[in-house]
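One structure is given below, encoded as structure tokens.
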Amino acid sequence: MVKARRGARPVFPERCLVPSVVKINALTVPADQREVLEQRFASRAGAVEGSDGFEWFELLRPIEGTDQYLVYTRWRSEEDFQAWMEGPMKAAHQGGAGAGAGGGERPKPAASGSQVWSFEVVQQAAPKQA
């Protein structure tokens, strides 16, 4: 990668992937809600995987020293992320896919707090090919 001037988008050699956007949602989850949170993510049934521009998802469980789970998603662009936020994600969190059985009241959130961090990928590495 060629180093870019401050504030400019980085320049990537042709062999590299196009720069991506990473969103990390830091969820504060009380110990008694960890299993609930993990089960809800497990049952999300691929809700994000079919979204235009989606590249990667990981749910990271804390090992020690924090009560924050990290929800890592990687997107082709900020615009793709925003389109997902305003479309499928918004619908799922406003009662559609997230409603209780039979369309009843939505369950209480497992997380007691949330903060979204945004990053632009400026360097990346993959394992060497054998």
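Readers should treat all values here as calculations from the given coordinates under stated rules, not as data from a laboratory. The structure displayed is predicted, hence computed values, not measured ones. As a convention, Cβ positions derive from the backbone with ideal geometry for all residues, glycine included, and neighbour counts pool all protein chains shown.
Numbers at a glance
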| item | result |
| --- | --- |
| Footprinting exposure proxy for Glu38, Glu86 (fewest neighbouring C-beta atoms within 10 Å first) | Glu86, Glu38 |
| Nearest-0.05 FRET efficiency for Asp32 and Glu105, computed from C-beta distance (R0 22 Å) | 0.60 |
| Gain in span if fully extended, Ala83 to Gln124, counting 0.36 nm per residue against the direct Cα distance | 12.3 nm |
| Amide H contacts of Arg106 (H built 1.01 Å from N, under 5 Å, at least 5 apart or other chain) | Gly100 |
